[in-house]
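Structure first, commentary second.
Please treat every number below as a calculation from the coordinates, not as lab data. Note that the structure is predicted; figures quoted are calculated from it, not measured. Cβ: placed from backbone, ideal geometry, glycine included. Neighbour counts: every protein chain shown.
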Amino acid sequence: MRVTNIVMRSALAAAFIGGLTFPLSGQVASPAVPQAVTRGAVLFRQECMFCHGVSARGGMRGPDLTTGMWSHGGTDADLAATISRGVPGTAMPANNLTDDEISEIVAYLRTLQQPTAISAGDHKRGENLFFGTARCSSCHIVNGRGGLLGPELSTVGSARSRAYIVESIREPGRQLTQNRAFGDSIASKYDTVTAVTSDGRTIVGVPMNEDTFTVQLMDTSERVHSLQKKSLKSLRHEDRSLMPAYDLNRLSSSDLDDLAAYLQSLRNTSSAPKGGSRENR
Amino acid sequence: MKTARTFALGLCLAASSVSAQVTPERLVDAAREPQQWLMYAGSYDGSRFSALDQINRTNVQRLALQWVFQTGVRGRHETTPIVIDGVLYLTAPQNHAYAVDVRTGRPLWHYERNLPKTMSLCCGPQNRGLAALGDRVFMGTLDAHVVALDAKTGRVRWDVAAADADKGFSFTGAPLIVKDKVIVGVAGGEFGVRGFIDAYDTESGRRAWRFYTIPGEGERGVDTWKGDSWKRGGAPAWVTGSFDPELNTLYWGTGNPGPQMYGPNRLGDNLYSDSLVALDPDTGALKWHFQFTPHDVHDWDSTHTPILIDETIAGRPRKLVAVANRNGFFYVLDRVTGAFLLARPYTQVTWAKEIDANGRPVLVPNTDPSAEGTRVCPSGTGGTNWHSPSYSPRTRLFYFFSYEQCDMFMSDEKLEPPYRPGRLFIGSAFFPMPAEKTETAVRAVDPKTGTVRWTFKQFADAWAGVFSTAGGLVFSGDGQGNFIALDADTGRDLWHIQLGAAIQTAAVSFAVDGRQYIAVVAGDALFALALRTEP
C-alpha cells in the first residue's frame, strides 16, 4: 500500500512526463521487492532529492534520473558505483551508504524509468519513411546518413523511451521546454533562433553556443555563423523547435508506429549510452 | 571609514617593498594598502572595493592577460585569493591551498589535505579562501577542522577539529581574522546540525569562544523552536562576515533552519536562522540580531557578506549595514542597534507583500511547499546567493549578483525521513518551473533608498560575485567564461575577455612594481590581468 502511495505521489510530481510505469525498464533486472522500493524511496528523499528533485526529474544540481540515460553507466553495478563513489569534479559526492541501502535506491530508481518496449510498427517501413517521404533525414543523421541540424539519432532507441520518441515527433517543442527547466543544456541547443544582421539579412537556425556577447548558430542550410550580438539589429529566441510538428495530417497513426519502431530499433551496443548529464553548475 | 581610500598608486607602492608580517593594525587599515588584498572581501567593511585606479573606464580596453595559474583540481572554484607583500594565496576544491609569486604566477608551495573518503557536503567540495595573520594563513576544512599553515612554506602549524564531520559539519567559507583570533562559520544546514560561529587563538589554535546560532536549553529564543527541534535546526554560517573596529562588532549572516522545506516540526520563528547576528568579537556575546525570514521554508539562507556603509539617511548620518538578501529584498539596518531602516524588493517576489515597519515580512498566503508543489519566487537558490556583493564609496552604489528564477517547492509529510546524523535532512526539494527561463544579472542598488539604479543582464546561468574599483569599474563574469567590466555608474559593458570556463567567484585587485592587476578564477585557473604596456 505504501509503495502505491509513493508511486502515486511521485507520479503526481512527474505528471507532465506521463507518470510512472511498472515493472522495470529493459537494461537490467533488479528484484523490485516492494519493501526495498519503499525503503529506496525514503532513502532517495533523504540522500538524493536535494539535487535530483522530488521525483528524480532533476533539480538545481543533479540531472534527471528517469530518462534511462546514464552518463556513468547504466547497469545496477554502475549505478551502485556512482552512488557510492560519486563523480569526481562534479557536485555528485561519494556517499556513506551500505550496499543494501544503495541497492534499495537503485531499485527505486528503476521504478521511475520509462519502458523501452519495442512498438508494434514495421521498422523497415519506418526506415523508408525516415529517409523518404517524412524527410526526417534532412535534419537528423543516422549511422552517417542524414542532415546535421537536428540531434543525431543513431542510438536513440537505447536513449529514449517510445513515449518520448512519439511525443518528440508529434510535439517537438515540448521536451525542449521541459528539459531546459531541468538544466539540460542540450535542450536549449534546439531552440529556434532568428538573427537579423545590420545589413538586413535574416538568419534562422539552431544555436550551437551562446554567451552574453556572442551567438554561434547553424542555419537551415547547415552553414555556421558566428555573430556578435551588438552588431545585430535583432536576435530572437523562440521556445519552439525548428522541426515541424508531425500531426495526423503529416503522419498517420500507422506511419507513426512504423517510424517509432524504426527509431526504437536504433540501439547502442553498449549498455551505457552517454548524454543527458549536467555537471558542475 | 572610507576616507583613507583615496591614495595615489605611487604612494601605495612605496610600502610594497617593505616585507612585513600581517598585523591586526594592517587589517584594520587595509584600505590604506590597496596594493594588497588582505582578506576575503578586501577590507573589514565587506565592500570588495579597490582604491586602485590605474585600470579605469578610459583604458580598460587595454586589459590583457599576464599569467595563468592552473590548480589542476577539478570542480567548482569559488575561492577568493588574498595578496600579501608579493605573494598570492588561493585555495581550490578539496582544501588544496597554494602560494603563488604575483610577479610570475609560479607556485611557491602547495598544501594538499588528506580528506575522508565520504563527507556530508550539500553542494560539492568547495572552499572560498584563506585568512592571514602574522606569518600564517588559515583555512577551514571540509572535514570541519581549522588549520594554520606557515605562509612561507605551507607547512601545518596547527590543526584543530572544530566539530564532528560525520554529523554533517564542514567549513567552506574563508575565515576572518579579528585581532588575535581567527573566526570561522560552520556549514551543514542540510544535515540537521546546530550551527555555530567559532573563534580560535591564532597562535595556539585553542578555541576562544563559540556562538551557537541557535539558542540552547534555557536560553532566550529557544522557545522559537517547537519541542527539541532546535537541536538539529541548522542555521549554519558558511559565508565570511564583516567587522567594524570602531564599534568592536562582528557582523555575520546565518543560514536556513532545517529541515529547510518542511516546517511543521519546527514551528516558531526559528531564531537565529536567516539572520544577521552582531557579536562581540572578544567574547562571542550577542549584541543584537535581525531576522530576515522568520520560519523560513524556502531555503533562503542569509549567508551574505554584510556591507558596512556610512551614509546619510533622512538627513541623518548613520552607520549602516546593507544586505541583498536571498529572499528577494534588499535591506538596510542601523549597524549600531540593529534597527530596521528599509527593505525593497530587487527581483520578483511572490511570498511576501512587503516588509513591515518592524522589518517583518507581510506574508502572502499559501506559499509554503506542498505535496503537489507550490510556485514561489524567488527560487530556492534565492534572488541572490553567497556571491560577494560590492560597494563603491565613489558611486555610493551597492552591486550584487542577481538570480532571476521561480521554483516549484515540494514537501510531503508522509515521506519525511527521520533525522539521521550526517544524512541530508532537508524536508523535500525545489526545482525550476518548466517553461520558465532563468535569468541572471548584475544589479546596482542605491542603499539610501533601496531602488535599483541599473541592471546588466547576462546570458543564462551566471554564478559569479562582483567587485568594484576606484577606476569606475564593476567586474563580474558569466557562466560561459566571459570576464566582464561594467561602467560602475551606468552598468554599460566596457570590456570583456573569454576565459574559457565559467566564473564562479568574484575578482580582486592588487599592485606590484607599479602595475595594477585584476585577478579572477575561471574554471580551474586563476587569471592575472594588467594593462598592456605600450610598445
- Could you pull out every one of the lysines with an alpha carbon less than 29 Å from that of B:Lys414, ignoring same-chain neighbours closer than 8 positions? B:Lys167, B:Lys226, B:Lys231
- Note on the structure: Cα-based Rg and Dmax for the protein assembly as shown, in Å, come out at 27.1, 83
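So if we plug the beta-carbon distance of A:Gln228 and A:Leu148 into 1/(1 + (r/R0)^6) with R0 = 25 Å, what FRET efficiency do we get, rounded to 0.05? Write down the numbers at each step before the final one.
On the way: r = 24 Å, r/R0 = 0.95.
Step by step, r from the Cβ atoms, then E = 0.60.
Provide the packing ranking of B:518-530, B:274-286, i.e. peptides ordered by the mean count of other C-beta atoms within 10 Å per residue, highest first. Mind showing how you got there, number by number?
Details: B:518-530: 23.2, B:274-286: 20.5.
Per-residue Cβ counts within 10 Å, averaged per peptide and sorted highest first, yield B:518-530, B:274-286.
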- For B:Glu203 and B:Asp446, calculate 0.36 nm times their separation in residues minus their Cα-Cα distance, and state this gained length in nm to one decimal. 83.3 nm
- Which of B:Ala435, B:His387, B:Ala352, positive extreme of dipole for the range B:331-442 (C-beta unit charges): B:His387
- Compare the Cα positions of A:Pro63, B:Leu276, A:Ser252 along the charge dipole of the protein assembly as shown (+1 at Cβ of Lys, Arg; -1 at Cβ of Asp, Glu; about the Cα centre) and return the one farthest towards the positive end. A:Ser252
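Mind ordering B:367-374, B:295-302, A:248-255 by average Cβ neighbours within 10 Å, highest first?
B:295-302, B:367-374, A:248-255
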- Charge dipole of the range B:26-531 built from unit charges on the beta carbon (Lys, Arg +1; Asp, Glu -1), centred at mean Cα; most positive-end Cα among B:Asn325, B:Ala199, B:Ser120 is B:Ala199
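State which entries of A:Lys229/B:Lys448; B:Lys179/B:Lys287; B:Lys152/B:Lys179 exceed 23 angstrom in Cα-Cα distance in the structure shown. Before the final figure, lay out each step's value.
On the way: A:Lys229/B:Lys448 35 Å; B:Lys179/B:Lys287 18 Å; B:Lys152/B:Lys179 21 Å.
Too far apart for the 23 Å limit: A:Lys229/B:Lys448.
FRET efficiency for B:Arg453 and A:Arg250, Cβ-Cβ distance as r, R0 = 41 Å, nearest 0.05? Mind showing how you got there, number by number?
On the way: r = 52 Å, r/R0 = 1.26.
The computed FRET efficiency comes out at 0.20.
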- Item | Cα-projected label distance for B:Lys437 with A:Arg201, points at 7 Å along beta-carbon direction, nm | 2.4
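Please report the antiparallel percentage of the DSSP beta bridges confined to the protein assembly as shown, to the nearest 5. Numbers along the way, then the final one.
Values: 151 of 156 bridges.
Among the beta bridges of the protein assembly as shown, antiparallel pairing accounts for roughly 95 percent.
Taking the Cα centre of the range A:192-238 as origin, work out the dipole magnitude from +1 charges on Lys and Arg Cβ and -1 charges on Asp and Glu Cβ, in debye rounded to 20. The partial results should precede the final answer.
On the way: 6 positive and 6 negative charges, 42 e Å.
It works out to roughly 200 debye.
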- Query: For chain B, how big is Rg over Rh, using alpha carbon atoms and the Kirkwood form of Rh?
  - Reply: 0.94
- Just report the Cα centroid separation between the range A:239-257 and the range A:33-47, whole Å. 39
- Query: Quick one: Cα centre-to-centre distance for the range B:472-534 and the range B:90-168, in angstrom?
  - Reply: 25
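Can you give the charge dipole size of the protein assembly as shown about its Cα centre, rounded to the nearest 20 debye, using +1 on the beta carbon of Lys and Arg and -1 on the beta carbon of Asp and Glu?
About 840 debye.
With charges only on Cβ, +1 for K and R and -1 for D and E, what is the dipole size of chain B about its Cα centre, in debye, rounded to 20? Please list the in-between numbers first.
Numbers: 53 positive and 56 negative charges, 134 e Å.
Taking the Cα centre of chain B as origin, the dipole is about 640 debye.
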- Message: Compute the distance from the alpha-carbon center of the range B:311-327 to that of the range B:266-283, in whole Å.
- Response: 20
- If the cut-off is 17 Å between C-alpha atoms, which lysines fall inside it for A:Lys230, apart from same-chain ones fewer than 8 positions away? B:Lys457
- For the pair B:Asp334 and B:Glu413, how long in nm is the line joining their label points, each one 7 Å along Cα→Cβ? 4.3
- Can you tell me how much longer the chain between B:Tyr212 and B:Gln70 gets when fully stretched, taken as 0.36 nm per residue apart minus their C-alpha distance, in nm with one decimal? 47.3 nm
- Message: Need one value for B:493-503: mean number of C-beta atoms belonging to other chains within 10 Å of its residues' C-beta atoms.
- Response: 1
- Task: Take every DSSP beta bridge whose two residues both sit in the range B:26-531, then give the antiparallel share in percent to the nearest 5.
- Result: 95
- Task: Only Cα pairs under 8 Å and at least 6 apart count here; give the relative contact order of the range B:296-349 as a rounded whole percent.
- Result: 25
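Hey, could you grab the Kirkwood Rh for the range B:102-217? Inverse mean 1/r over distinct alpha carbon pairs, Å, one decimal.
Numbers: mean 1/r = 0.0678 Å⁻¹.
For the range B:102-217, the Kirkwood estimate is 14.8 Å.
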- Message: For Cα pairs less than 8 Å apart in space and 6+ apart in sequence, what is the mean separation divided by the residue count of chain B, i.e. the relative contact order in percent?
- Response: 15
